[in-house]
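Just below is one structure, and these are the notes that go with it.
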Amino acid sequence: LAEQALAAVVQEAWINGVSTRKVDELVQAMGMTGISKSQVSELCKGIDERVESFLNRPIEGEWPYLWLDATYLKVRKGGRVVSVAAIVACAVNQDGRREILGLGIGESEAKEFWIDFLRGLRQRGLCGVKLVISDAHEGLKAAIAQVFSATWQRCRVHFMRNVLVCVPKSHQALAGTLIRQVFLQPDADSAHESWRQVADKLRPKFGKAAGVMDEAEHDVLAHLDFPAAHRVKIHSTNTLERLNKEIKRRA
């Protein structure tokens, strides 16, 4: 029983990002002999099995909305510190239940990585996807088109960052206010009309920003073809923002 309690404490500490040295201090504070790095690793093997089981579990039922977002982590590889993408897939089923369906680690620019990750979700049973919400990363965008027969929603938050980069800082507040007027429209028709009006207002002075709007119109407003009650959640990848912050914190 004492061994089981020790294993549970060490595993919980490790999951919460406690360093090996501090795990040793914690064990000693509990009145037990210290614990080595190798012992911590051995005790935590059970976590790896639980993680593998979670990441490879069958996906049942239909999941109409799928969010995909990557957060970037520093890892050691061949003696160097490199940046890798940790992509998270979150979806909502027909009962309104939200779940993390998967997580993958790979090279940030590799289209093949995105394709393999999405195919893995499909092979595990993911079906019924009607809308995929993500950033406009070219590799990810191409993978979504190749793997799913679904509408693509370009994350509105990421789009705003992309378009405002094309406007001088002194005019970004005004441009942002103009573009946000589009998102206040009550239906798809009025939103599309407002979008084109705003793009035309920006065109004389900020032609590049207007061009970005011209290209992105249907992808940024795709969520308007879905039920009004769902739109506040499906227009961006904000659903994953807190989770990504937690991944970074623990990593």
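The values are calculated or read from the model by the stated rules, or taken from the named source; none is laboratory data. What you are looking at is a predicted structure, and each value in this text was computed from that prediction instead of being measured. Ideal geometry is used to build each Cβ from the backbone, glycine not excepted, and the neighbour counts take in all protein chains shown. Side chains included, ligands, DNA and RNA excluded: accessible areas come from the protein's heavy atoms. Shrake-Rupley method; radii C 1.70, N 1.55, O 1.52, S 1.80 Å.
Go ahead and run the numbers for FRET between Cys44 and Asp200, Cβ-Cβ distance against an R0 of 35 Å, rounding to 0.05.
0.05
How large are Rg and Dmax for the range 129-195 when calculated on the C-alpha trace, in angstrom?
Looking at the range 129-195, its Cα Rg and Dmax stand at 14.3, 42 Å.
So, with +1 on the Cβ of K and R and -1 on the Cβ of D and E, and no other charges, what is the size of the charge dipole of the range 142-251 about its Cα centre, to the nearest 20 debye? Display every interim value, and only then the final one.
Details: 17 positive and 11 negative charges, 161 e Å.
It comes to approximately 780 debye.
What does the helix-only formula give at 222 nm for the chain: each DSSP H stretch with n ≥ 4 adding -39500 (n - 2.57), the total divided by the residues, and the result rounded to the nearest 500 deg cm²/dmol?
About -16000 deg cm²/dmol.
Of all the stretches in the chain, which is the longest one without any exposed loop site, taking GluC sites (Glu not before Pro) in a DSSP loop (any state but H, G, I, E, B) with at most 16 other Cβ atoms within 10 Å?
110-251
Using a probe of 1.4 angstrom, how much of the accessible area of the chain is carbon and sulfur, in percent?
Of all accessible area on the chain, carbon and sulfur atoms account for 52 percent.
Averaged over every viewing direction, what's the projected area of the C-alpha convex hull for the range 1-95? Give it in nm², one decimal, please.
In nm², the orientation-averaged hull projection of the range 1-95 is 9.2.
Suppose the chain between Glu60 and His192 were pulled fully straight at 0.36 nm per residue; how much longer would it get relative to their current alpha carbon spacing?
43.9 nm
Considering only Cα-Cα distances, which of the following residue pairs are longer than 27 Å: Lys141/Lys201; Lys22/Lys77; Lys45/Lys77; Lys77/Lys245; Lys77/Lys111? Could you put the intermediate results ahead of the total?
Details: Lys141/Lys201 29 Å; Lys22/Lys77 25 Å; Lys45/Lys77 22 Å; Lys77/Lys245 23 Å; Lys77/Lys111 20 Å.
Pairs exceeding 27 Å: Lys141/Lys201.
Calculate the spin-label point distance for Asp116 paired with Arg242, positioning each point 7 Å from the Cα along the beta-carbon direction, and give it in nanometres.
Placing both labels 7 Å along Cα→Cβ, they lie 3.3 nm apart.
Give me the one-decimal nm value for the distance between modelled label points at Arg80 and Glu107, 7 Å along each residue's Cα-to-Cβ direction.
Placing both labels 7 Å beyond Cα along the Cβ direction yields 1.2 nm.
For the range 102-251, what does the convex hull of the Cα positions come to per residue, in cubic angstrom?
135 Å³
Using the C-alpha atoms of the range 29-82, what convex hull volume per residue, in cubic angstrom, is computed?
Value for the range 29-82: 208 Å³ per residue.
Kindly write out, for the range 232-247 in residue order, the coupling ³J(HN,Hα) from the Karplus curve 6.51 cos²θ - 1.76 cosθ + 1.60 (θ = phi - 60°), rounded to whole Hz, with x marking Gly and Pro.
With the stated coefficients, the range 232-247 comes to 4, 9, 9, 8, 8, 8, 4, 3, 9, 4, 5, 4, 4, 4, 5, 4 Hz.
Stick to the Cα atoms of the chain, pair each with every other, and give me the Kirkwood hydrodynamic radius in Å at one decimal.
For the chain, the Kirkwood estimate is 21.0 Å.
What are the semi-axes of the equivalent ellipsoid of the range 185-251, taken as the square roots of 5 times the eigenvalues of the Cα gyration tensor, listed largest first and rounded to whole Å? Intermediate values should be presented prior to the final figure.
Details: eigenvalues 168, 71, 11 Å².
Whole-Å semi-axes of the equivalent ellipsoid: 29, 19, 8.
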